[in-house]
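First comes the structure, then the notes that go with it.
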Amino acid sequence: MNLNLRKAILSNVSGNTAEELEDTIVDAIQSGEEKMLPGLGVFFEVFWKSAEETERKELLQALEKSLNEQVN
């Protein structure tokens, strides 16, 4: 059985509104279930591939700040 997880995730959210995508992300985070992590990873990958360099740098700075706050 050949399962393309990326394709399945993208198919499940294709055509979703920004609000629906936000609900999906919030639900994935609040549930804390490990099985939700691949979906969030696909969202990140899609963003990263289409983002401009300035958007990527802003995201990386925000991630750095957030991760440092989690540790401290």
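Each value in this text was obtained by applying a stated rule to the coordinates, not by laboratory testing. This is a predicted model, so every value here is computed, not measured. Here the Cβ positions follow ideal geometry from the backbone for every residue, glycine too, while neighbour counts run over all protein chains shown.
What's the magnitude of the charge dipole for the chain around its Cα centre, counting Lys and Arg as +1 and Asp and Glu as -1 at the beta-carbon? Answer in Debye, nearest 20.
380
Could I have the simple spin-label model distance between K65 and E20, label points 7 Å from Cα toward Cβ, reported in nm to one decimal?
Distance between label points: 3.2 nm.
Restricting to lysine pairs 8 or more places apart or on different chains, what number in the chain have Cα atoms under 19 Å apart?
4
Springs between alpha-carbon pairs under 10 angstrom, Gaussian network model over the chain: which of L21, L40, L60 fluctuates most?
In the Gaussian network model the winner is L60.
Can you give the local net charge around V71? Use residues other than it whose beta-carbon is closer than 14 angstrom to its beta-carbon, Lys and Arg +1, Asp and Glu -1.
Residues close to V71 contribute a combined charge of -1.
Among A62, A8, S50, whose Cα projects farthest towards the positive end of the dipole of the chain, with charges put on the beta-carbon of Lys, Arg (+1) and Asp, Glu (-1)?
Looking along the dipole axis, the top candidate is A8.
Taking just the alpha carbons, could you work out the radius of gyration and Dmax for segment 5-71, both in angstroms?
For segment 5-71, the Cα-based Rg and Dmax read 13.1, 37 Å.
Say a site is exposed when it is one of the GluC sites (Glu not before Pro), sits in a DSSP loop, and has at most 16 other Cβ atoms within 10 Å; what is then the longest site-free stretch of the chain?
With a cap of 16 other Cβ atoms within 10 Å, the longest stretch comes to 1-32.
Hey, rough spin-label estimate for L37 and R56, points 7 angstrom out along Cα→Cβ, what's it come to in nanometres?
Here the modelled spin labels are 2.4 nm apart.
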